[in-house]
Amino acid sequence: MGMNSRVDMDIGVDVQTLFLTNAMILIVMGLAFYAAWRKQPDETYWPAWIGANFVIAGSLFSYMAFPGDEPSFGLALPNSLLVVGFALRWTAARLFARRRVLWSLVVLPPLVVAVLFGLPGWIDYRVAYYTVNTVLMLLAAATAWEFFSDRETGLPSRYGLLIAYGVMALSFAGRIAQGINAHTADTAHLVFDSVLQIHLLIAVIHTTASGAFVLSIAYERMARDLRHAAMHDALTGLPNRRAFEQRLEKALQDRGHFALVVFDLDHFKSINDRYGHAAGDAALKRCALLCPSVLRQRDFVARVGGEEFAAILPGVTPTEAFMLTDRVRATVAATRIAADDGSFGLTLSAGIAHSAEGEASFDRLMRAADANLYRAKNSGRNRIVETAAA
C-alpha cells in the first residue's frame with residue numbers, strides 16, 4: 001500500500017480523504033462491534049473483530065502521518081499494522097466458525113513485513129511491495145474461504161462476507177499486477193495513479209459491507225441458536241417436549257402409519273437419592289445417546305419429561321416397532337453408569353401405541369402410549385407393552 005499526498009488523482013477524491021474515510025468507518029464499525037460484544041460477552045470472535053478494525057484504522061492513520069515512496073521505518077509501521085489487522089479478521093472468521101486459530105500465521109506475516117520495510121537499502125523496493133500485497137491478498141482470500149467453508153450453516157450473510165473479502169483479495173491482486181507493470185525500480189514500490197485510488201474506493205465499500213455483514217451474521221446465528229434452544233433440551237441435547245408435540249402433530253397431519261413409543265427410566269428417583277443428581281444427569285445423558293444410536297436415522301427421539309423420553313417411528317409394523325423398542329430396552333439394560341461410590345445399571349419401561357390411517361388423534365395416541373407405559377411399570381418394569389390405536 002502506501003501514499004503520497006503530492007500526487008494528483010484522476011477521479012476526484014484525494015488519497016488522504018480515502019484513507020481518512022476508511023479509518024472513520026472502521027472506528028464506527030469497531031464501536032458497533034463492541035456494543036454487540038457487550039450483549040454477547042462469551043463470544044470470542046468479537047474481540048478479534050474489534051481489534052482488527054482499530055488496528056487497521058491505526059494503520060491508515062500511520063499512512064497519513066508517514067507518507068513515503070520507498071521502504072523505511074515510516075512505512076514499516078502502517079504496513080505491519082495493516083497485515084496484523086487482516087490477520088485478526090481471518091482469526092475472527094475462524095473463531096466465529098469455532099475452528100482452531102493458528103496463531104503463528106497471525107504473528108509471522110507482520111514480522112516479515114516489518115523487516116522488509118524496516119531495512120531500507122537492504123531489500124529491493126519491489127520485494128517489499130510484492131510481499132505486503134501478496135500477504136494481504138492471501139489473508140483476505142483465506143477469510144473469504146472461512147465463510148465459504150460454512151455453507152452448511154444456512155446463514156445468508158456469509159455470502160455477503162464471502163463477496164466482500166473475495167473482492168478485497170482481487171483488489172490486492174490488482175495492486176500486485178500494477179507493481180509488475182511499473183516501468184522503474186523507483187516506482188515499483190508505491191505506484192501513485194488512479195489504480196491506487198480505485199483500490200482505496202474498493203476498500204471503502206469493503207469496510208462498510210464487511211462490517212454490516214459481520215453484525216448481520218452474528219444476529220442470524222444468535223437467532224438460530226435461540227430457536228434451537230427453544231426446541232431442545234439443555235441437558236441431553238435432544239429435542240424437547242415442544243418439538244416432540246410439533247413433530248407428532250405433523251405425523252398425524254401426514255396421515256402415514258407410525259408408532260409412538262414412550263420410555264421411562266425405572267427407579268430414577270432412587271438413583272438420584274442414592275448416587276446424587278450428577279449421577280442421575282449422567283444416566284439421562286447416556287440414555288439420550290443410546291436411544292437414537294439404536295433406532296433408525298429417520299426415527300425422532302425427544303426428552304419429554306424428567307426421566308421420560310418419547311420416539312416417533314414412521315412406517316413400521318407393530319412387530320418392527322416392538323423389535324426396535326426392545327433393542328433400546330436391551331441396550332440400556334446392558335450399560336452401567338459410573339458414580340462416586342461405584343457404578344449402577346439402568347433399565348427402562350416402554351409403552352407403544354400405533355396410529356391407524358386417518359383415525360388416530362394426538363390425545364388418543366398419547367393416552368394409549370402412557371397407559372401402556374404404566375402397565376409395563378406395574379408389571380415389573382424393564383419391559384414393553386403395546387396396543388394399536390382404535
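Name the one entry in Val261, Val316 that is touching a strand residue (DSSP E or B) at 6+ places or on another chain (Cβ under 8 Å), surrounded by 13 or more Cβ atoms within 10 Å (Cβ to Cβ) and modelled with pLDDT of 95 or more.
Working: Val316 fails: modelled with pLDDT of 95 or more.
From the options Val261, Val316, the qualifying one is Val261.
In region 332-352, is there at least one residue being within 18 Å of Glu245 (Cα to Cα), in contact with a Cys (Cβ under 9 Å, 6 or more places away or on another chain) and buried (at least 17 other Cβ atoms within 10 Å of the Cβ)? No: region 332-352 contains no residue that is within 18 Å of Glu245 (Cα to Cα), in contact with a Cys (Cβ under 9 Å, 6 or more places away or on another chain) and buried (at least 17 other Cβ atoms within 10 Å of the Cβ).
Taking the criterion of being over 30 Å from Arg175 (Cα atoms) and either of a type in the set (Phe, Trp, Tyr) or touching a residue at least 40 places away in the same chain (Cβ under 8 Å) (or both), the residues of region 217-235 that qualify are Ala218, Tyr219, Glu220, Arg221, Met222, Arg224, Asp233, Leu235.
Scanning region 134-176 for residues that are of a type in the set (Gly, Ala, Ser) and either surrounded by 17 or more Cβ atoms within 10 Å (Cβ to Cβ) or part of a helix (DSSP H, G or I) (or both) returns Ala140, Ala141, Ala142, Ala144, Ser157, Gly160, Ala164, Gly166, Ala169, Ser171, Ala173, Gly174. Taking the criterion of being in a helix (DSSP H, G or I) and within 16 Å of Val195 (Cα to Cα), the residues of region 13-34 that qualify are Val15, Gln16, Thr17, Leu18, Phe19.
The single condition among (1) closer than 20 Å to Asp281 by Cβ; (2) touching a helix residue (DSSP H, G or I) at 6+ places or on another chain (Cβ under 8 Å) that His354 does not meet is (1). Residues that are modelled with pLDDT of 75 or more and either among the β-branched types (Val, Ile, Thr) or closer than 18 Å to Leu75 by Cβ (or both) within region 165-199 comprise Val167, Phe172, Arg175, Ile176, Gln178, Ile180, Leu196, Ile198, His199, listed in sequence order. Listed by first and then second residue, the pairs linking a residue in region 96-119 that is farther than 19 Å from Ala140 by Cβ and not assigned by TED's automatic domain parsing to the domain that holds Leu136 to a residue that is exposed (fewer than 14 other Cβ atoms within 10 Å of the Cβ) and among the hydroxyl-bearing types (Ser, Thr, Tyr), with Cβ atoms under 6 Å apart and 6 or more places separating them unless they lie on different chains, form an empty list.
The values are calculated or read from the model by the stated rules, or taken from the named source; none is laboratory data. The shown structure was predicted, so the numbers you read here are calculated from the model rather than taken from an experiment. All Cβ positions, glycine included, derive from the backbone under ideal geometry; neighbour counts span all protein chains shown.
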